[in-house]
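Step one of this worksheet: look at the structure below.
Where a number appears in this text, it was derived from the coordinates with a stated rule and is not lab data. Owing to the predicted nature of the structure, the values given are computational and were not obtained by experimental measurement. Virtual Cβ from ideal backbone geometry, glycine too; neighbours counted across all protein chains shown.
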Amino acid sequence: MSDIKTVAVLGTGIMGGPMARNIAEAGFDVRVWNRTAEKARAVAESADSCEVADGPAAAVAGADAVVTMVLDGDAVQSVMNDAIEAFESDAIWLQMSTVGIEAGERLAALADEHGVSYLDAPVLGTKQPAEQGQLIVLASGADEAIGRARPVFDAVGSKIVELGEAGTGTRAKLVLNHWVMGLVENIAETMALGESLSLDPKLFLETIEGGPLDSGYAQMKGKLVLERDFPPSFPLSGALKDTRLIIEAAERHGFDAALARTVAAKMAAAVDSGHGDEDMIATWYASAEERAAAR
């Protein structure tokens, strides 16, 4: 049985905010902190048993578990440099951001240096699954720590995959993200190709619907392309960051991730055109603008 009663959530953006609310709704006392204080206050105002901390160290002090959910490895490192001295001796650090292999190793070393129990537990999912508590948690680390943290994971996820030693969760996340990013880019480019061939852009979605080639992601993201409206479920700039982490990991292990490099180039082009804060399917703009330039 878990002894966790108080949870600190550091980072309350698109993912961390809903996660903090769901943890509070599961009966935990929650302290939230975000670099942009308004985001933390919005979470606290929408959830019982949730309060805003003045800083990372104040959030962590007295907490039984600490969740980090910020942009990247450098952001996690910066936050934890302020907070890790304030950890209780038996507190668990649930590192749930997507940070890549190199940063993950640095963070694990930081935890070890300070005698902090560390779980590498990135999540698979975007805004809506986070809001619904339907994320997939890729938990890796000591069995005893995962057992203690399980109620927190259950509050944010519909599926918890236990993967062994810390670091395995991050490697699994990169592999799964390779599939997701490739799928997103394929949807975007396929729809742009159809339009370049003077086909109704609805044709692709309507033809695959309900068949073996269909996917929920194609229908969901494809509709955003049809509407030319890209509210961020996961921002394109974040998707580009994650794709670059895939490439970094592949190069480190001698794997030629040619597809990931192509995806990163297309995403970067759309980000450079000003679409980084839109949903990741806004990578469509890279192919659409190429088509327009070719005319």
Report task. With r as the distance between the Cβ atoms of Ser89 and Leu213 and R0 = 51 Å, compute the FRET efficiency 1/(1 + (r/R0)^6) and round to 0.05. Result -> 0.40
Report summary line: Scalar couplings 3J(HN,Hα) for the stretch 95-100 by Karplus 6.51 cos²θ - 1.76 cosθ + 1.60 (θ = phi - 60°), nearest whole Hz, x for Gly and Pro, are 8, 10, 6, 8, 10, x
Report task. Enter the mean projected area of the convex hull around the alpha-carbon atoms of the chain, in nm², rounded to one decimal. Result -> 16.0
Query raised in the report: What ranking of Ile23, Ile187, Ile4 emerges when the number of other C-beta atoms within 10 Å of each C-beta is taken as an exposure proxy, fewest first?
Result: Ile4, Ile187, Ile23
Query raised in the report: Hey, which of these cross-link pairs are over 32 Å Cα-Cα: Lys39/Lys223; Lys39/Lys202; Lys5/Lys241?
Result: Lys39/Lys202; Lys5/Lys241
**Report entry** Estimated vicinal HN-Hα couplings, Hz - the stretch 213-227 in sequence order (Karplus 6.51, -1.76, 1.60; Gly, Pro = x)
**Finding:** 8, 6, 8, x, 5, 4, 5, 5, 6, x, 5, 5, 5, 4, 7
Query - Packing-based order for 151-159, 63-71, 251-259, using average beta carbon neighbours within 10 Å, highest first - result: 63-71, 151-159, 251-259
Query raised in the report: How big is the charge dipole of the stretch 234-293 about its Cα centre, in debye rounded to the nearest 20, if each Lys and Arg gets +1 on its Cβ and each Asp and Glu gets -1 on its Cβ?
Result: 160
Query raised in the report: If you line up the long axis of helix 16-25 against the longest principal axis of the chain, both from Cα atoms, how many degrees apart are they, to the nearest 10?
Result: 50
Query raised in the report: When only Cα pairs under 8 Å and 6 or more residues apart are kept, what is the percent relative contact order across the stretch 164-295?
Result: 33
Report task. Kindly provide the helix-only [θ] at 222 nm of the chain, computed as the sum of -39,500 (n - 2.57) over DSSP H runs of four or more divided by all residues, to the nearest 500 deg cm²/dmol? Result -> -17000 deg cm²/dmol
Report task. Provide the per-residue ³J(HN,Hα) series for the stretch 173-190, in order, calculated from phi with Karplus coefficients 6.51, -1.76, 1.60 and θ = phi - 60°, each as a whole number of Hz, with x at glycine and proline positions. Result -> 4, 5, 5, 5, 5, 4, 5, 5, 5, x, 5, 4, 5, 5, 4, 4, 6, 4
Requested in this report: Treat the stretch 171-294 as a sphere of radius equal to its Kirkwood radius over Cα pairs and apply Stokes-Einstein at 10 °C in a medium of 1.306 mPa s; give the translational diffusion coefficient in µm²/s, rounded to a whole number.
Outcome: 108
Report summary line: For the chain, longest principal axis from Cα atoms; helix 73-83 axis from its Cα atoms; angle between them, nearest 10 degrees, is 20
Report summary line: Hits in the stretch 5-24: amide N under 14 Å from the 7 Å Cα→Cβ extension of Asp277, namely 14
